[in-house]
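Trainee: Sending over a structure as structure tokens; questions will come in a sec.
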Amino acid sequence: MTYKHCKSLELDKVLKMLSHHASCEDAKEMAVSVEPQKNLDMVQSLVNQTNDAHIMLARFGGPSFGGLKNVNNALQLAFSGAVLSMRDLLNVASTLKAVRSLVSYREKCAQVNTCLNILFDSMSPNKYLEDKIYSAILSEDEIADTASDQLEDIRRKMRAQESKIREQLDRIIRSSHYQKALQEPIVTMRNGRFVVPVKQENRADVPGLVHDTSASGSTVFIEPMAVVDANNEIKVLKSKERDEIERILIDLSAQTGSFAQGIKSSYECAVELDLIFAKAHLAYSMKASVPVLNNTGSVNLKSARHPLIDQKAVVPTDIRLGEDFDTLVITGPNTGGKTVAIKTIGLLTLMVMCGLMIPAADDSHIAVFDNIFADIGDEQSIEQSLSTFSSHMKNVISIIEKSDDKTLVLIDELGAGTDPVEGAAIAIAILERLHIAGAKVAATTHYAELKAYAIKTPRVENGSCEFDVSTLRPTYRLLIGVPGRSNAFAISERLGMDTQVVNRARELVSTENSRFEDVVEKLESSRTQMEKEHQKAQELSIAARKARQEAEQIKIDVDELRQKEIKEAREQAARIVEKARRESETFIDEIEKLKKASKDNRDISNLAAQAKALAKQHNRDMDNIINPVDNIKEENYELPRNLVLGDTVLIADIGEKAQVISLPDKKNIVEVQAGLIKTRVPVSNLRLIQSAKKSTQSKTRTINSDLGRGDMKINTTCDIRGMAADDGILTLDRFIDTQVRTGLTEFTVIHGKGTGVLRKAVGQYLKKHPMVKEHRLGTFGEGEDGVTIVTLK
């Protein structure tokens, strides 16, 4: 696989596009020099890296590679003991910052396990050295005052001396004694020393050292004697400053050298990641996907697009090779897309072997080859005195010598450039030789003899690029199994050529060739008709599917609306019932008061009891009306598994949840517990809700009311200790009403032992109450005579 063949397939242009997505210079250089790999495992690894980067881009965005610089030379110098410049040190800090940014990006994506983790984990951020350099060096020409305590002290003294000198010089230039001698009342510098401009004729009036003169000679720059010592002190301090800066750079360089190997390793990993994410960015720009790889020579590209053709203009095409045939002979008119088709096969294969994703649909298959040879384009050589035919034959000879069963061969216009009869014969012979060698071959041609050869030869298939004669335009669709037609007569006739000339041309074509073209035309017509019918059937299928989805959505919307209206109606009814219940409870309270006030009037007492019972019955009826039990009957329902103890089930015919407390018997009857009620239910009447879970229930439970009253706390104990008998009975009566409404069937009345008056009144009341099934005094551990255990019907 040589550079020449890769260039023929335009791989270099794709790699150039790849380099534009890389950030650092080294990654750009690596991008343009990527070479196709021949090992299937290596190619799979490279493609997996690109795919993982592609996924990370989609979920988290891309990492930043800004600031990465190749500092290997500087690190080597530092490692060997040399002193680095401030620029080199800033480059090292910039690289460390970029590495730290990549490690931070990896931490953000920590929940994703990818094959890039090994590269991320191999990088070692060094914030200590990064901060050390950035805090000491402000720019390529400036060291920070805070780089060291000594430097800060030296510069503080320098500023103090400079301020002192300026004050002295300011006094001189403002002095009336020197006004006439000064050219201008300013302070300036010459040779690093503070001076004042003095007129040439008055130089003797200002004692001091002359450091410079103006270009005209009319001004001399004199350092007054009063500031000479201070200027000398500044000179000494500047010398100390240079020494201290040198010491700081030596220290920073030494520390950089000690971390040189780790920084180099981190930089190399960062550059490799830059290249991998560049591949992912290129995949996004191409709307590429990951193909299924193999080393059996099988190529099946679905909706493949040539990556160098504008996405808006390119026509996706399906291409197969190496599955049910090894050689594909593509025929058809010029500019029909034959060359693009074979280039697409070769270029997409090379891209995958470089670790790139390809612009094709999902589930495309591509083989990894040891060699890919291409003879495409006009390589006529004037210098070597070779014609187009000779140049092609020289390439083909080289290809034949090197081809085997791990080779992909792509030849454009096979046998062209010479006598048609001889050209067709040699083209067939070349295809036979490559076929025997086991190579996978895709070749384009205009020769009818090659169409016949493909029809007669096993594992050799015809292909053609579709051409619309009515519009004189190619559709660029590759049709496998259909030989192409040149359409020369039809095109000439459509362009306006005399019909007699076209008919005469048809007469000159051999009978056998005419018959072959007629068969091809009929095949093409049948194929076109079948495609139209297939497309129509697909459209009908899509329309039917869409109508079904719309109908299902309407049904869902109607059900939701129905449930919503029912819910609103129940909530409104609940509010009305709750109001009526409160009014009835108030009425019952008044009846109790009347009953107490009329103890001697038995008729009034009976009437009050009847009114109270009737009010309670009306309350229960209203509960049933606004909160009916939905019978859940499902035809042919089967439990997903056998029931186990503790399973939560739904009793279908009453809509109540219960817990399984015994397994099915011989009659398939299960004992379940709903609240305090235990009952036996057929298995067919149960619907499994959830598996058994360990849970603890306190005596106080929260019951959610469907009546819209929210959550209310229900106790299983009624404490009436300390109450008078009448008040205690009234409290007990209300408590029983509450227990009946909530469905609890067992509770405890705490009345205490005392004189026994309250216990006796409770017993007498419970004997006559219509909702009480039985009652008894408590036993040891339950409260003995101080409590009564009540069971409701």
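The values are calculated or read from the model by the stated rules, or taken from the named source; none is laboratory data. As the structure is a computational prediction, the values presented were derived from the model and not from experiment. Cβ coordinates were reconstructed from backbone atoms using ideal geometry, including for glycine residues, and neighbour counts include every protein chain displayed. Side chains are part of the model used for accessible areas, which takes the heavy atoms of the whole protein and leaves out ligands, DNA and RNA. Shrake-Rupley method; radii C 1.70, N 1.55, O 1.52, S 1.80 Å.
Trainee: Hey, does segment 322-329 have a residue that's under 23 Å from Lys279 (Cβ atoms) and open to solvent by less than 10 Å² (accessible area, probe 1.4 Å)?
Mentor: No, every residue in segment 322-329 fails to be under 23 Å from Lys279 (Cβ atoms) and open to solvent by less than 10 Å² (accessible area, probe 1.4 Å).
Trainee: Can you find a residue in segment 84-94 that is basic (Lys, Arg), within 26 Å of Gln261 (Cβ to Cβ) and surrounded by 17 or more Cβ atoms within 10 Å (Cβ to Cβ)?
Mentor: no
Trainee: Got a sec? Which of Val460, Val409 is surrounded by 23 or more Cβ atoms within 10 Å (Cβ to Cβ), within 21 Å of Thr296 (Cα to Cα) and among the β-branched types (Val, Ile, Thr)?
Mentor: Selected residue: Val409, the only one of Val460, Val409 that is surrounded by 23 or more Cβ atoms within 10 Å (Cβ to Cβ), within 21 Å of Thr296 (Cα to Cα) and among the β-branched types (Val, Ile, Thr).
Trainee: Does segment 1-58 hold any residues that are open to solvent by 20 Å² or more (accessible area, probe 1.4 Å), part of a helix (DSSP H, G or I), in contact with a Leu (Cβ under 8 Å, 6 or more places away or on another chain) and farther than 30 Å from Thr95 by Cβ, and which are they?
Mentor: Selection gives Lys13, Leu40, Gln44.
Trainee: Any residue at all in segment 684-692 that's assigned to a loop (DSSP other than H, G, I, E, B), at pLDDT 50 or above and of a type outside the set (D, E, K, R)? Before you say what the answer is, go through the steps one by one.
Mentor: Start the filter on segment 684-692 by keeping residues that are assigned to a loop (DSSP other than H, G, I, E, B), which leaves 691-692.
The next check asks that each one be at pLDDT 50 or above; those that pass are 691-692.
This time we only want the ones that are of a type outside the set (D, E, K, R), so: 691-692.
Scanning segment 684-692 turns up at least one residue that is assigned to a loop (DSSP other than H, G, I, E, B), at pLDDT 50 or above and of a type outside the set (D, E, K, R).
Trainee: So which of Glu223, Glu268, Glu244 ends up being assigned to a strand (DSSP E or B) and either at negative phi or among the β-branched types (Val, Ile, Thr) (or both)?
Mentor: Answer to the check: Glu223.
Trainee: Test of understanding: among Val740, Val749, which residue is of a type in the set (A, V, I, L, M) and outside any helix (DSSP H, G or I)?
Mentor: Selected residue: Val749, the only one of Val740, Val749 that is of a type in the set (A, V, I, L, M) and outside any helix (DSSP H, G or I).
Trainee: Let me ask you something else. Quick one: would you say Asp149 is within 60 Å of the chain's Cα centre (by Cα) and acidic (Asp, Glu)? Walk me through it before giving the result.
Mentor: Values: within 60 Å of the chain's Cα centre (by Cα): yes; acidic (Asp, Glu): yes.
The answer is yes for Asp149.
Trainee: Only one of (1) surrounded by 18 or more Cβ atoms within 10 Å (Cβ to Cβ); (2) among the hydrophobic types (A, V, I, L, M, F, W, C); (3) modelled with pLDDT under 85 is not met by Ala442, so which one is it?
Mentor: Every listed condition holds for Ala442 apart from (3).
Trainee: Scan segment 144-160 for residues that are in contact (Cβ under 8 Å) with a residue 12 or more places away in the chain and either open to solvent by 30 Å² or more (accessible area, probe 1.4 Å) or assigned to a helix (DSSP H, G or I) (or both) and report the count.
Mentor: 7
Trainee: When the residues of segment 299-313 are narrowed to those that are part of a loop (DSSP other than H, G, I, E, B) and touching a residue at least 12 places away in the same chain (Cβ under 8 Å), which ends up surrounded by the fewest Cβ atoms within 10 Å (Cβ to Cβ)?
Mentor: Gln311
Trainee: Given the structure, is Asn462 part of a strand (DSSP E or B) and either modelled with pLDDT under 85 or out of contact with any Ser or Thr (no Cβ under 6 Å at 6 or more places or on another chain) (or both)?
Mentor: Taking the combined requirement at face value, the residue satisfies it.
Trainee: For segment 719-762, what are the residues that are open to solvent by 80 Å² or more (accessible area, probe 1.4 Å) and within 29 Å of Gln673 (Cα to Cα)?
Mentor: Passing the criteria: Arg734, Arg741, Glu746.
Trainee: Kindly evaluate Ser253 against the criterion of being open to solvent by 20 Å² or more (accessible area, probe 1.4 Å) and either part of a strand (DSSP E or B) or under 30 Å from Ala136 (Cα atoms) (or both).
Mentor: Numbers: open to solvent by 20 Å² or more (accessible area, probe 1.4 Å): no; either part of a strand (DSSP E or B) or under 30 Å from Ala136 (Cα atoms) (or both): yes.
No: the conditions fail for Ser253.
Yes/no per residue for (1) modelled with pLDDT of 85 or more; (2) touching a Cys at 6+ places or on another chain (Cβ under 8 Å); (3) under 26 Å from Ile245 (Cβ atoms):
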{"residue": "Asp131", "(1), (2), (3)": "yes, no, yes"}
{"residue": "Glu140", "(1), (2), (3)": "yes, no, yes"}
{"residue": "Ser148", "(1), (2), (3)": "yes, no, yes"}
{"residue": "Arg159", "(1), (2), (3)": "yes, no, yes"}
{"residue": "Gln168", "(1), (2), (3)": "no, no, no"}
{"residue": "His177", "(1), (2), (3)": "no, no, no"}
{"residue": "Gly192", "(1), (2), (3)": "no, no, yes"}
{"residue": "Asp205", "(1), (2), (3)": "no, no, no"}
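Trainee: Ok, one more. Limited to segment 422-453, what total is found for residues that are touching a residue at least 60 places away in the same chain (Cβ under 8 Å) and among the basic types (Lys, Arg)?
Mentor: 2
Trainee: I would also like to ask the following. As an exercise: evaluate Gln111 against (1) under 23 Å from Lys279 (Cα atoms); (2) outside any helix (DSSP H, G or I); (3) out of contact with any helix residue (DSSP H, G or I) (no Cβ under 6 Å at 6 or more places or on another chain); (4) touching a residue at least 12 places away in the same chain (Cβ under 8 Å) and give the number of the one condition it does not meet.
Mentor: Every listed condition holds for Gln111 apart from (4).
Trainee: Filter segment 229-240 down to residues that are open to solvent by less than 60 Å² (accessible area, probe 1.4 Å) and either within 12 Å of Gln161 (Cβ to Cβ) or part of a strand (DSSP E or B) (or both), then give me how many there are.
Mentor: The number of residues fulfilling the criteria is 4.
Trainee: Just a yes or no: is a residue in segment 763-771 closer than 21 Å to Gln673 by Cβ and either loosely packed, with under 15 Cβ neighbours inside 10 Å or of a type outside the set (Val, Ile, Thr) (or both)?
Mentor: Looking only at segment 763-771, we keep the residues that are closer than 21 Å to Gln673 by Cβ, and these are 771.
This time we only want the ones that are either loosely packed, with under 15 Cβ neighbours inside 10 Å or of a type outside the set (Val, Ile, Thr) (or both), so: 771.
Yes, the conditions are met somewhere in segment 763-771.
Trainee: Considering only residues of segment 284-298 that are assigned to a loop (DSSP other than H, G, I, E, B) and of a type in the set (S, T, N, Q), which is farthest from Met351 (Cα to Cα)?
Mentor: Top of the filtered list is Thr296.
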